[in-house]
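As structure tokens, the structure follows; a few thoughts come after it.
Bear in mind these aren't lab numbers, they're just calculated from the coordinates by the rules spelled out. All values reported here derive from a predicted model rather than from experimental measurement. Note: ideal-geometry Cβ built from the backbone for every residue, glycine included; neighbour counts use all protein chains shown.
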Amino acid sequence: MQEVYSAQTSQVLSQSEASKVLRNTYFLLGLTLAFSTITAGIAMAAGIGHGAGLVMSLIAMALIWFVLPKTANSASGLAVVFIFTGLIGAGLGPVINRYLAMENGASIIMQALGGTAVIFIGLSAYVLTSRKNFSFLGGFVAVGMMLMLAIMLFLLGASFFGYQFSALHLAFSAGIVLLMSALILYQTSEIIHGGETNYILATTSLYLSIVNLFTSLLHLLGVANDD
């Protein structure tokens, strides 16, 4: 009887901790998205070029690869997250300015924002209401991230030498939408089932999913409107 009671108590505590991680994650996610919006606006107003935007994005990625893993369990991890998201936001400034200069550019941006919100909220709500465990997506997400990085480096190298692969760019953007959708399902599931207990790392993962969703939808919609 005592063992059953202890197991039930442990389960309640585990659910309580998961709920706390979820609340902290969504709160920090909201703050970082707002901060990124501000830094993107500043970069747009300052007219920062694509080269500077790319450098800031690379610095941001270096922070989460090399610095965040060492600071995620301390208060300094929060500072790293805000520096990272601020740089990503500023790096998006030149991209948004480029689309604003296009015909129907503002409409394309709003459609991409709306699509991103619908996908993120819809997938998150599904996991939270169904309580389904999507841990089986872990392998797919890991392989997909490595493949995404390899293709991205190839496309960057090709563009540097003046080669353009329009069809591959489109396929890449569509693949990112699929991969980020899987990552949202996986990460949200990990939080509610206790697989992810660090809200800083969870926030970073979901933030990257949202940003990559937005930029990929922006590219797909931009090409569609050109046609």
Mind telling me which of the residues L155, L149 ends up being under 22 Å from G51 (Cβ atoms) and touching a Leu at 6+ places or on another chain (Cβ under 8 Å)?
L155
Of the residues I42, I121, I38, which is within 15 Å of the chain's Cα centre (by Cα), surrounded by fewer than 17 Cβ atoms within 10 Å (Cβ to Cβ) and part of a helix (DSSP H, G or I)?
I121
Output for Cβ contacts, cut-off 7 Å, separation at least six or different chains, first residue free of Cβ contacts under 8 Å to residues at least 40 places away in the same chain and part of a helix (DSSP H, G or I) in region 190-206, second buried (at least 23 other Cβ atoms within 10 Å of the Cβ) and polar (S, T, N, Q), reads S205/Q187
Residue list for region 59-79, filter: touching a residue at least 60 places away in the same chain (Cβ under 8 Å), surrounded by 16 or more Cβ atoms within 10 Å (Cβ to Cβ) and more than 15 Å from the chain's Cα centre (by Cα)
L68, A72, G77, L78
Quick check on L29: is it more than 28 Å from V223 (Cα to Cα) and assigned to a helix (DSSP H, G or I)?
yes
Residue pairs, Cβ under 6 Å, 6 or more apart or interchain, first in region 145-162 and surrounded by 10 or more Cβ atoms within 10 Å (Cβ to Cβ), second assigned to a helix (DSSP H, G or I). List them.
I151/F172
